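The values are calculated or read from the model by the stated rules, or taken from the named source; none is laboratory data. Small disclaimer: the values here were computed from a predicted structure and weren't measured. Positions of Cβ are generated from backbone atoms using ideal geometry, with glycine treated the same way; all protein chains shown enter the neighbour counts.
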Amino acid sequence: MNLTPKQLRILSLIRDWRVRHGYSPTMQELADEIGVSKVTVFEHVEALIKKGALVREANKARSLSIAEGIAVPDEARPLRFPLVGKIAAGYPIEKVAEQDELDIIALLGPRSTNKQATTFALKVQGDSMKEEGIMDGDFVLVERSDTAANGDRVVALLPDGQTTLKTFYREADHIRLQPANPSFAPIIVRDCRVQGIVRGIVRKY
């Protein structure tokens, strides 16, 4: 797919914004991020939709999303994952707006070859998941998904705008986000947004 540098940047921004906030940025927010006019952003977004890289729901605000099967460029480089922030494995923390990259080659050497095209990395803060082997300072590799099955370890966006890493259980009239540490109580919410499912852990000794 032939995309311009600005279009590639817009794809990455939309991906990261949806991960952190649970919804897409507005045209003005995109324009502010990349330092161009709202009209210019609109033109790039329309081009991305025509090329099949973006999907937009008609008559709905903040509905831009990456088209199914499309890998954002920084997700397609071998053994590198976009590091889009930190995730609480303890009490929820406010979303972090930092951007970086987790380079598996640099961290582990060239022997690891597994790669998920829709995977991003988060650095764990806290020890509420330690009995499942997820420790403070670990990196979790998270596959983007807005649905989860009971028992999945998920990155969840809570109604108050904070994110957390817990095991997901949908029960009668609520969702239980279960820690793996008896010092922490489950988080009970009527609903939450699943941002992704943990597929792996990276730990550097």
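Counting only strands (runs of 3 or more DSSP E) that fall entirely inside region 10-129 and contain at least 1 residues that are farther than 27 Å from residue 147 by Cβ, at pLDDT below 75 and out of contact with any Gly (no Cβ under 6 Å at 6 or more places or on another chain), the qualifying elements are 100-103. Among the residues of region 2-51, the ones that are at positive phi and loosely packed, with under 14 Cβ neighbours inside 10 Å come to 1 in all. Counted as qualifying within region 134-205 are the strands (runs of 3 or more DSSP E) with 1 or more residues that are small (Gly, Ala, Ser), more than 12 Å from the chain's Cα centre (by Cα) and within 17 Å of residue 122 (Cβ to Cβ), namely 193-202. The number of residues in region 3-47 being touching a residue at least 40 places away in the same chain (Cβ under 8 Å) and of a type outside the set (A, V, I, L, M, F, W, C) comes to 11. Does residue 153 qualify as being touching an Asp or Glu at 6+ places or on another chain (Cβ under 8 Å) and either buried (at least 19 other Cβ atoms within 10 Å of the Cβ) or basic (Lys, Arg) (or both)? Yes; evaluated as a whole, the condition is true for this residue.
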